[in-house]
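This report refers to the structure that appears directly beneath it.
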Amino acid sequence: MIVLRRIQDGLQTELIGKEIHHFAEVTSTNDVAKKLAAGGAEEGTVIIAETQTGGRGRIGREWFSPKGGVWFSIILRPKVSPEDALRLTLTTAVAVAHVIRRMLRLNSEIKWPNDVLIEGKKVCGILTEMSTSGKIVKSVVLGIGINANVNVESFPEHLRNSVTSLKKELREEVPRERFLQALLEELERYYTMFTRSEFDLILEEWKELARFLGSHIEVVSCGEKLVGLAVDVDQSGALLIKTRDGNVRRVVSGDVSLQKL
Ligand code: BTN
């Protein structure tokens, strides 16, 4: 089990992780976070679980969350409009990829919009959910799932070839508390840049870490399959694809894969 004190002792943040709730088992840390946020929880509150029985991924998918992983959510209250959620998700992916590179010396990359990969295999997913009132964002829940000390062989068969874990890549277990401490610190650093309207700097870093930018890709977005060249990501975080007819299409959600030629 994660020992909270080991995360909190020496944690160099002003906001994120000042309050941490830790559970042995929840349905989803995002669900717990959303309830706490609706009840007025402070910005920066973190919810961590050892395992999730109903872990959720993007696009209504399940998120397999066995013991040994790093499954957590953060409550934020940025003064932004709902359209800015995509930028915040990209920002989170940069922070996670940096910690994996800096602390663990693993070559992490980002696949648009927010998967963190190692050697082309997914190690982290991010699910951003928000509560709004008209055009006003009341709270954002950032849900982050990292396959830390989990055995890839225990994953459902259809996922085994496309996922990896930090333990598998390092050939040893990751000290989860120290890793979480570094994550909370890096997330706060990038969130501060985000709230200071420095997304252009974050986007530059995102592009340096991006996999598939400049490659021929397939994107399935809202049931439509688009094939073309991934030319760029714009200031709102949307992916720009140049299709065969020469048009540039803007995609705000979807699943990217390398085009099989
Ligand atoms: C994805 O890539 O589809 C997003 C996965 C997000 C998983 C995390 S684990 C912590 C939080 N709680 C959830 O139920 N989902 C997110």
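The values are calculated or read from the model by the stated rules, or taken from the named source; none is laboratory data. These figures come from a predicted structure and were not determined experimentally. With ideal geometry, Cβ positions are generated from the backbone for all residues, glycine too; neighbour counts draw on all protein chains shown. Calculation scope for accessible area: heavy atoms of the full protein, side chains included, ligands and nucleic acids excluded. Shrake-Rupley method; radii C 1.70, N 1.55, O 1.52, S 1.80 Å.
Worth a mention:
- Ordering of 144-152, 75-83 by packing is 144-152, 75-83, highest average first (other Cβ atoms within 10 Å, averaged per residue).
- Partner aspartates and glutamates for K34 [C-alpha distance under 16 Å; skip if fewer than 8 residues away on the same chain]: E19, E42, E43, E129
- A helix-only calculation puts the chain at -8500 deg cm²/dmol for mean residue ellipticity at 222 nm, using -39500 (n - 2.57) for each DSSP H run of at least four residues, averaged over all residues.
- Inter-label distance for I136 and A38, nm, one decimal - labels placed 7 Å from Cα along Cα-to-Cβ: 1.9 nm
- Rounded to the nearest 20, the size of the Cβ-charge dipole of the chain about its Cα centre is 300 debye, with Lys and Arg at +1 and Asp and Glu at -1.
- For region 79-124: accessible area per residue (Å², 1.4 Å): 36 Å²
- Computed in the context of the full set of protein chains, the accessible area of region 216-258 at 1.4 Å probe radius has 52% of its extent on carbon or sulfur.
- Three-way shape label, region 143-257, alpha-carbon gyration tensor, a/c 1.5: oblate
- Between R6 and T195, the contour length at 0.36 nm per residue exceeds the alpha carbon distance by 65.2 nm.
- Note on region 1-30 and region 50-74: Cα centroid distance 16 Å, given to the nearest whole angstrom.
- Screening the chain for DSSP H helices whose Cα atoms reach 24 Å or more along their own axis and whose mean Kyte hydropathy is at least 0.5 gives 85-104.
- Around the Cα centre of region 216-258, unit charges on the Cβ atoms of Lys, Arg, Asp and Glu (plus for the first two, minus for the last two) sum to a dipole of about 100 debye.
- Among the listed pairs K111/K225; K67/K167; K121/K167; K122/K242, those beyond 19 Å (Cα-Cα): K122/K242
- Inter-label distance for R77 and D232, nm, one decimal - labels placed 7 Å from Cα along Cα-to-Cβ: 3.7 nm
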